[in-house]
Amino acid sequence: MSAALHIENLALGYDGREGFKTVVDGLSLELAAGQIGCLLGPSGCGKSTLLRAIAGFEHARRGQIRIGNDVVSSPRQHTPPERRHVGLMFQDYALFPHLSAAQNVGFGLRRLPAAEREARVAEMLALVGLADLGHRHPHELSGGQQQRIALARALATRPALLLLDEPFSSLDGASRERLTLEVRDMLRAAQQTALLVTHNADEGARFADFMGAMDAGRLASWHPTDQALAIQPSSGSTASGQP
Ligand SMILES: Nc1ncnc2c1ncn2[C@@H]1O[C@H](COP(=O)(O)OP(=O)(O)OP(=O)(O)O)[C@@H](O)[C@H]1O
């Protein structure tokens, strides 16, 4: 079995007035199924660009991204976002304000038969502890509740990989800390492979099994946290990175 996420020697960047600007350069990273990784790094070091590339919104200039057995990004291959089976919980990836919480959760399930869709929505609302609030609209929910609905929406389609970009940054203090731990426990319960980006090292250490720091577009370190699960991938692949 291959790793759930395998990134090899990846380069990413943007075309600008002064030509191509490299943002991520020679980055390698691997997550086994069910593992949670966390990327830290100063503002502008390329964390969000990397997550967008994994989701399929940026093209690889060099190297490759594999999700499961599929190469989804390389200079010759670009699988569109909707075919990557990647769930997103992004800071700026808000809920649809005109839809109820339940309709938001079911948004990616429109192709399922109604009964199956309703059952999955109910299951997801229960998972995030909001079984009674599916009828509410986003403005009738607290910030933390909105984030739980965003998580339920992201998990509803059973993504192979969940990407979280600063998902707790709009919350403060105790509610942020509580939701961090709750979301981690929900991901564990769902055995969901996930990659989190945050500025907050303590949050990353509480949330993830493996944590790394990005610097100048590269992964400067990658090490287990105290939370690290003893997941034994069948083929001997483990979470690993550079150097
Ligand atoms: N669409 C774009 N066009 C050109 N340059 C961009 C674009 N998006 C990001 N950049 C540049 O790429 C670099 C990396 O940006 P990115 O958003 O990935 O950083 P980040 O580590 O996520 O930062 P932050 O922690 O502040 O969100 C920055 O220098 C940024 O200005």
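Quick look at the numbers
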quantity: Test set (1) buried (at least 20 other Cβ atoms within 10 Å of the Cβ); (2) farther than 16 Å from Val71 by Cβ - Ala53 fails condition number; calculated: (2)
quantity: Hits in the range 128-150 (condition: surrounded by fewer than 19 Cβ atoms within 10 Å (Cβ to Cβ) and hydrophobic (A, V, I, L, M, F, W, C)); calculated: Ala131, Leu133, Leu141
quantity: All positions within the range 123-162 that are outside any helix (DSSP H, G or I), of a type in the set (A, V, I, L, M) and within 17 Å of Ala194 (Cβ to Cβ); calculated: Val128, Ala160, Leu161, Leu162
quantity: Condition met for Gly34 (over 14 Å from the mean Cα position of the chain (by Cα) and either buried (at least 16 other Cβ atoms within 10 Å of the Cβ) or modelled with pLDDT under 95 (or both)); calculated: no
quantity: Condition met for Arg17 (farther than 25 Å from Ala201 by Cβ and at pLDDT 95 or above); calculated: no
quantity: Residue check for Ile36: over 22 Å from Leu133 (Cα atoms) and within 16 Å of the ligand (Cβ to nearest atom); calculated: no
quantity: One residue from Arg76, Arg83, Arg17 being within 16 Å of the ligand (Cβ to nearest atom), farther than 26 Å from His199 by Cα and basic (Lys, Arg); calculated: Arg17
quantity: Candidate set from the range 58-105 (those that are aliphatic (A, V, I, L, M) and assigned to a loop (DSSP other than H, G, I, E, B)); member that is modelled with the lowest pLDDT; calculated: Ala94
quantity: Subset tally (residues that are part of a loop (DSSP other than H, G, I, E, B) and either under 21 Å from Ala126 (Cβ atoms) or more than 16 Å from the ligand (Cβ to nearest atom) (or both)) for the range 171-201; calculated: 6
quantity: Whichever residue in the range 20-31 is of a type outside the set (A, V, I, L, M, F, W, C) and away from the ligand (no atom under 12 Å from the Cβ) and, among such residues, is surrounded by the most Cβ atoms within 10 Å (Cβ to Cβ); calculated: Glu30
quantity: Criterion (among the aromatic types (Phe, Trp, Tyr), touching a residue at least 40 places away in the same chain (Cβ under 8 Å) and in contact with a strand residue (DSSP E or B) (Cβ under 9 Å, 6 or more places away or on another chain)) met by exactly one of Phe90, Phe96, Phe107; calculated: Phe90
quantity: The listed residue being free of Cβ contacts under 8 Å to residues at least 24 places away in the same chain and either in contact with a His (Cβ under 6 Å, 6 or more places away or on another chain) or of a type in the set (S, T, N, Q) (or both), out of Ser221, Ser170; calculated: Ser221
quantity: Members of the range 41-56 found to be within 11 Å of the ligand (Cβ to nearest atom) and either assigned to a helix (DSSP H, G or I) or modelled with pLDDT of 95 or more (or both), listed by number; calculated: Lys47, Ser48, Thr49, Leu50, Leu51, Arg52, Ala53
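The values are calculated or read from the model by the stated rules, or taken from the named source; none is laboratory data. No experiment lies behind these values; they were computed from the predicted model shown. All Cβ positions, even for glycine, are placed from backbone atoms using ideal geometry, and neighbour counts span all protein chains on display.
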